[in-house]
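See below for the structure under consideration.
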Amino acid sequence: MAKRRTKRRTHAGANNPATPAVVNGHADTRNPKSMVIRIGAGEVGTSVSQLATDVRRVMEPGTASRLRERKANRLRDYVTMCGPLGVTHLMLFSRSETGNTNLRLAIAPRGPTFHFRVEKYSLSKDVMRAQRRPLGGGKEYLTPPLLVMNNFTTPTSDAKSKVPRHLESLITTAFQSLFPPINPQATPLKSIRRVLLLSREASSEDDGSFVVNFRHYAITTKTAGLSKPLKRLDAAEKLIKTRKGGKGGLPNLGSLQDISEFMIGGANGDGYMTDGTSGSEADTDAEVEILESGPRKVLSAKARATAALLESTEDADRNDNVERRAVKLVELGPRMRLRMTKVEEGICSGKILWHEYKVKSRQEMKEMEQRWEKRLKEKEARKKQQKENVEKKRKEKADSRKPNSAKTKGDDEDEDMDDYDSDMYDNGFDSEGLEGDAEEQVNAKLEEDGKWEDEEEEIADGKSAKTRSLKA
């Protein structure tokens with residue numbers, strides 16, 4: 001038998017790791033999950049659609065990466081599915097009639113909702129196009145990014161400021177809840193591969209504005225304290241191990257007499273290159289010491305004795321497992337400049353908690369509270385009345401069925417028997433099996449012999465034709 005074909009083109013698997021807890025050290029079923037949605041999918045345009053796709057990449061792996069919106073979908077449809085899917089945050093992109101791009105951050109299931117106007121933005125492809133050596137997509141998106149927030153709370157703010165102190169704390173909590181918390185003792189350093197930077201622009205005076213700059217970076221590390229030729233040899237060795245029989249990346253030593261000339265930059269060492277004398281841009285990356293935790297080669301007894309002798313003669317404080325590495329951030333995109341315009345209760349439907357342009361007095365706030373209390377009471381009354389009407393109709397329907405239950409049951413049985421008699425022999429199928437077929441043949445023979453009238457009288461007396469034929 002031929003081997004069954006496995007479908008590979010139409011059933012693409014997810015990129016998430018099989019065991020996230022092993023990879024990132026902080027995976028949990030209670031981690032926050034988000035959905036990045038375009039409201040009015042066909043009306044926002046291609047640029048905003050691509051911006052929503054880039055933001056989904058930022059929110060991975062705890063987001064719906066393959067979400068497909070339709071024009072007919074409404075916000076209520078997504079809110080309804082938040083509970084069964086465990087979604088905690090909604091990021092809604094839309095475009096107004098005047099052409100402004102808006103972003104709403106809603107916390108499910110009860111809010112609040114933060115409204116932002118996207119004043120400027122750059123897509124990921126534009127950011128990468130401007131870089132000399134852009135970083136391609138790899139394993140960076142298997143773990144959530146490290147969230148860094150700057151200047152979200154100001155020390156001089158209070159309850160009477162244009163941006164109150166409690167509002168700053170609320171916004172800080174909302175952004176912090178987008179990603180799972182990191183446990184420094186249990187989270188391995190290799191799992192932190194990205195950084196999401198949210199920086200609030202400082203205003204010279206209390207003008208009531210709240211502007212946030214959105215940046216997304218990848219964390220890259222490289223060995224520090226090595227000369228340029230040694231770095232090239234190290235990179236070439238790694239390249240040879242990954243490629244099958246490939247020699248690309250190896251330096252050309254054809255014009256040199258010895259490998260030492262390549263290492264010191266000539267016979268006299270005049271061309272020795274370091275990070276400071278290479279003529280390129282100086283590396284200003286931060287250098288950190290990392291304890292090497294990878295597998296180590298098992299040494300023989302003679303090698304161990306030699307290593308012990310060397311350690312006894314050298315400085316005892318030296319640690320061979322510590323490696324100095326330079327940390328560098330490479331921007332992945334997208335970039336956004338977000339201006340918060342208002343904050344409201346609920347998911348895009350509730351009373352306004354804060355507005356950038358409209359400032360209400362205490363009397364107006366009190367009147368608004370009274371209006372909302374009245375609306376809530378009316379809503380509760382309507383819900384109660386609807387529930388009573390449903391129960392009343394259900395009771396009336398049950399009472400109307402009780403007197404006619406027997407009659408209705410008999411009528412239903414007659415209808416079932418009529419259907420059964422009309423459909424029994426349409427296709428030559430008898431529900432009674434071979435026994436019913438034998439009875440049919442006996443009845444047909446009696447009708448041919450003219451004895452069917454006598455048989456009808458016996459049937460009326462309660463005798464079965466089938467039993468009588470078997471006795472004969």
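The values are calculated or read from the model by the stated rules, or taken from the named source; none is laboratory data. Since this is a predicted model, take the numbers as computed values, not measurements. Glycine gets a Cβ as well: all are built from the backbone with ideal geometry, and neighbour counts include every protein chain shown. Keep in mind that these areas ignore ligands, DNA and RNA; they rest on the heavy atoms of the full protein, side chains included. Shrake-Rupley method; radii C 1.70, N 1.55, O 1.52, S 1.80 Å.
Quick one: Karplus J couplings for the stretch 354-364, per residue in order, coefficients 6.51, -1.76, 1.60, θ = phi - 60°, nearest Hz, x for Gly and Pro?
After applying 6.51 cos²θ - 1.76 cosθ + 1.60, I find 7, 9, 6, 9, 10, 10, 9, 7, 5, 5, 5 Hz.
Over all distinct alpha-carbon pairs, what is the Kirkwood Rh of the stretch 320-376 in angstrom?
Final number for the Kirkwood radius of the stretch 320-376 is 16.1 Å.
Give me the one-decimal nm value for the distance between modelled label points at Ile182 and Lys302, 7 Å along each residue's Cα-to-Cβ direction.
Calculated label separation equals 4.7 nm.
Determine how large the accessible area of His89 is when every protein chain is in place; take a 1.4 Å probe and give Å² rounded to the nearest 10.
Here the accessible area works out near 10 Å².
Beta carbons within 10 angstrom, averaged per residue: use that to sort the peptides 97-107, 154-164, highest first. Could the numbers behind the result be given before it?
Values: 97-107: 16.1, 154-164: 12.2.
Descending mean neighbour count gives 97-107, 154-164.
Could you check the spin-label model distance between Leu309 and Arg337? Points 7 Å from the Cα along Cα→Cβ, value in nm.
My value for the distance between the label points is 6.8 nm.
So, in nm, how far is label Ser209 from label Lys160 when the simple model puts each one 7 Å beyond its Cα toward the Cβ?
2.5 nm
Relative to the present Cα-Cα distance, how much length would full extension add between Ala72 and Thr223 at 0.36 nm per residue of separation? Please list the in-between numbers first.
Values: separation 151, 0.36 × 151 = 54.36 nm, distance 5.33 nm.
Computed gain between Ala72 and Thr223 is 49.0 nm.
Arranged from highest to lowest average of other beta-carbon atoms within 10 Å per residue, in what order do the peptides 300-306, 118-124 appear? Could the numbers behind the result be given before it?
Numbers: 300-306: 9.7, 118-124: 16.6.
Put in order of decreasing packing, that is 118-124, 300-306.
Which far-off residues, 5 or more places away or on another chain, put their amide H under 5 Å from the one on Thr63, with H placed in the peptide plane?
Amide H neighbours of Thr63: Ser34.
How long are the semi-axes of the equivalent ellipsoid of the stretch 155-202, defined as square roots of 5 times the Cα gyration tensor eigenvalues? Whole Å, largest first. Please list the in-between numbers first.
Working: eigenvalues 180, 28, 16 Å².
Calculated on Cα positions only, the semi-axes equal 30, 12, 9 Å.
Would you please give the residues with an amide H less than 5 Å from that of Ala108, counting only those at least 5 places away or on a separate chain, with H modeled from the backbone geometry?
His89, Leu90
Measure of size requested: the Rg and Dmax of the stretch 89-223, with Cα atoms as the atom set and Å as the unit; please supply both.
17.3, 52
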